Amino acid sequence: VKRVTGRNFKELVTEERLKQGAAMLLETKVSVEEISVRCGFTNVNAFYEKFKGKYGVTPKQFRSRIVEGGK
């Protein structure tokens, strides 16, 4: 997998989980904690850390800025 994509399997899975989480933040009012569980993260702090690493903001900031039009 790494030879073809440049990333290992775990990285690809994490990226897909984060994409799913971002979509849920945009499309639902489900809590961030519940989204993290639904996306396969056993620790909400790990979800926050990985999400911020990918998108540059926390999940709550992402939802606020994108969905609610906050700054």
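Got a number for carbon plus sulfur as a percent of the chain's accessible area, 1.4 Å probe?
It is 51 percent, rounded to a whole number.
Can you tell me the relative contact order of the chain? Whole percent, Cα pairs under 8 Å, sequence separation 6 or more.
In percent, rounded to a whole number, it is 23.
What accessible area per residue comes out for the chain, rounded to a whole number of Å², with a 1.4 Å probe?
70 Å²
Could you check the spin-label model distance between A23 and Y55? Points 7 Å from the Cα along Cα→Cβ, value in nm.
Those two pseudo-labels are separated by 1.4 nm.
Note down the net charge around E15, summing +1 for each Lys or Arg and -1 for each Asp or Glu among other residues with Cβ under 11 Å from its Cβ.
Net charge in that neighbourhood comes out at +4.
Of all alpha-carbon pairs in the chain, indicate the percentage at a distance above 15 angstrom.
51 percent
The values are calculated or read from the model by the stated rules, or taken from the named source; none is laboratory data. The structure presented is a predicted model; accordingly, all values stated were derived computationally and were not measured. Every residue, glycine among them, receives a Cβ derived from its backbone with ideal geometry; neighbour counts consider all protein chains shown. Quick note on the areas: whole protein, heavy atoms, side chains included, nothing else; ligands and nucleic acids left out. Shrake-Rupley method; radii C 1.70, N 1.55, O 1.52, S 1.80 Å.
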